[in-house]
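One structure below.
The values are calculated or read from the model by the stated rules, or taken from the named source; none is laboratory data. These numbers come from a predicted model, not from an experiment. As a convention, Cβ positions derive from the backbone with ideal geometry for all residues, glycine included, and neighbour counts pool all protein chains shown.
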């Protein structure tokens, strides 16, 4: 590490910087796959295909963004001496400004240099939030120093749907309290009677006290929807950047670009080290072709279909280079061909063609049709109207649970109990759990989400998995809307048990252990066998 950062304990708490190549390796999430899995039964291959819900391939744009975030963090801390004496001096200066009533006013900074600010703008479905979460996940969020100072390396907030300053400040206090295992800041500074100015001022105090390394404001496209708060909020965030040296990273959809272009103050925020704009992949983009080649290898059809230019072009035509849609289409295409083969008694070859891709897209990507038409027409104004892809994602999973083609005529019970017995229940529950863990949710939240979904739909099995994933998305969206936050305390035994479903092999093992019985034998008797729990 460069000598410029030597001796700064805030920077010493960070992991070593990575090269672009190492960032790609660190960000990738590539599920396992074995060629022998093509020979597995239909129901098992269906589960293997769902591994693609955890597929993430990093490329040049993700690696460059990650390196920029790392630099923003280190440069921000470079302007703040990590010694105890300097930290106390900064707290004193902020307290003095607060008492004088000019903490939010332009004036002399309490740090030796101003921080950087950046903006990540991109089309919904291009992996902004997922990339950001994987980048942030490399850094410890909380560091406790020997002298008692609690350093918060990064904090991520979502701009409220109405762009309210009060809601943003309240979320800030709640998030910090959650990290520290307390309710102090929300109680002291986030009460109903607190003014917006008071909340913003104390947000500066708390950010300074805990030496926040990076404040991320996601969903920035919502900024300013509540009257004139756009200017006020940007002025406030500029205070964090300039006065106490906290870097701010704004993340939003293409509609947010207009706001940054419209005002000089916001425009200057969009040129930092981690700034980037992520449009869709063009057909001729080398990164697009690399992405598709990597994705195509995750194929569980009975016979391999080689990739050619015509198939690559068909995927681009139907998704317009939006990576989230490509992955979803690839899931749906494989489900379609293996289902058709199953319904035909093995007479329908599991071959992927342009025709199949276009037919599946017409059915399952129908909710995204307006977005795709706007992209195909190259109309920025129309594209900017699409601020959230989540409702479209829910519609996709809903459509996928409806059988395609001949399989629609199969009786619901035709596959027999084997597909919903304890072994398959355990496998499906494991897939859901892995997906939620991949989303960086803590154990308590996973337990709550799976409990709610199972109460609504029953245990996850092969026949309800698309609906189950759609329900999970609904639950998570509802949690975000009411401000449900991650919990940092350990999970209780009851909350662990809440993730079990009927026939869950973990539940079978727990009961056998409690009764002093042979655990492997109990699992085998339940119909799962040891392998089913893997």
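Looking only at the range 143-162, decide whether some residue is part of a helix (DSSP H, G or I) and modelled with pLDDT of 80 or more. Checking the range 143-162: not a single residue is part of a helix (DSSP H, G or I) and modelled with pLDDT of 80 or more.
A quick yes/no check of all residues on (1) touching a helix residue (DSSP H, G or I) at 6+ places or on another chain (Cβ under 9 Å); (2) within 25 Å of residue 432 (Cβ to Cβ); (3) surrounded by fewer than 15 Cβ atoms within 10 Å (Cβ to Cβ):
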position	(1), (2), (3)
7	no, no, yes
12	yes, no, yes
16	no, no, yes
21	yes, no, yes
29	yes, yes, yes
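Within the range 129-138, is there a residue that is surrounded by fewer than 20 Cβ atoms within 10 Å (Cβ to Cβ) and over 30 Å from residue 281 (Cα atoms)? No, because not a single residue in the range 129-138 is surrounded by fewer than 20 Cβ atoms within 10 Å (Cβ to Cβ) and over 30 Å from residue 281 (Cα atoms). The set of residues in the range 1-38 that are farther than 20 Å from residue 140 by Cβ, in a helix (DSSP H, G or I) and in contact (Cβ under 8 Å) with a residue 60 or more places away in the chain comprises 4, 37, 38.
Being part of a loop (DSSP other than H, G, I, E, B), over 19 Å from residue 73 (Cβ atoms) and at pLDDT below 95 is the requirement here; does residue 171 meet it? Before you say what the answer is, go through the steps one by one.
On the way: part of a loop (DSSP other than H, G, I, E, B): no; over 19 Å from residue 73 (Cβ atoms): yes; at pLDDT below 95: yes.
For residue 171, the condition - part of a loop (DSSP other than H, G, I, E, B), over 19 Å from residue 73 (Cβ atoms) and at pLDDT below 95 - is not met.
Inside the range 216-233, residues that are within 25 Å of residue 131 (Cα to Cα) and modelled with pLDDT under 80 make up a count of 2.
Does the range 328-335 contain any residue that is in a loop (DSSP other than H, G, I, E, B) and modelled with pLDDT of 95 or more? Within the range 328-335 (the criterion being in a loop (DSSP other than H, G, I, E, B) and modelled with pLDDT of 95 or more), the answer is no, since none of the residues qualifies. Is it the case that the range 114-126 has a residue that's crowded, with 18+ Cβ neighbours inside 10 Å, part of a loop (DSSP other than H, G, I, E, B) and over 16 Å from the mean Cα position of the chain (by Cα)? Scanning the range 114-126, I find at least one residue that is crowded, with 18+ Cβ neighbours inside 10 Å, part of a loop (DSSP other than H, G, I, E, B) and over 16 Å from the mean Cα position of the chain (by Cα), so the answer is yes.
Step by step: first the residues of the range 270-284, then only those that are surrounded by 16 or more Cβ atoms within 10 Å (Cβ to Cβ) and farther than 14 Å from residue 126 by Cα, then the one that is modelled with the lowest pLDDT. Which residue is that? Walk me through it before giving the result.
The initial filter retains those residues of the range 270-284 that are surrounded by 16 or more Cβ atoms within 10 Å (Cβ to Cβ), namely 270, 272-276, 278-281.
Subset that is farther than 14 Å from residue 126 by Cα: 270, 272-275.
Numbers: 270: 52, 272: 73, 273: 86, 274: 89, 275: 89.
Ranking the qualifying residues of the range 270-284, first place goes to 270.
If the condition is being closer than 23 Å to residue 136 by Cβ and modelled with pLDDT of 70 or more, then the range 425-438 contributes 433, 434, 435, 436, 437.
In the range 98-108, which residues are modelled with pLDDT of 65 or more and either more than 33 Å from the chain's Cα centre (by Cα) or not assigned by TED's automatic domain parsing to the domain that holds residue 73 (or both)? Give the steps one after another, and end with the answer.
Step one: filter the range 98-108 for residues modelled with pLDDT of 65 or more, giving 98-107.
Hits for the range 98-108 are 98, 99, 100, 101, 102, 103, 105, 106, 107.
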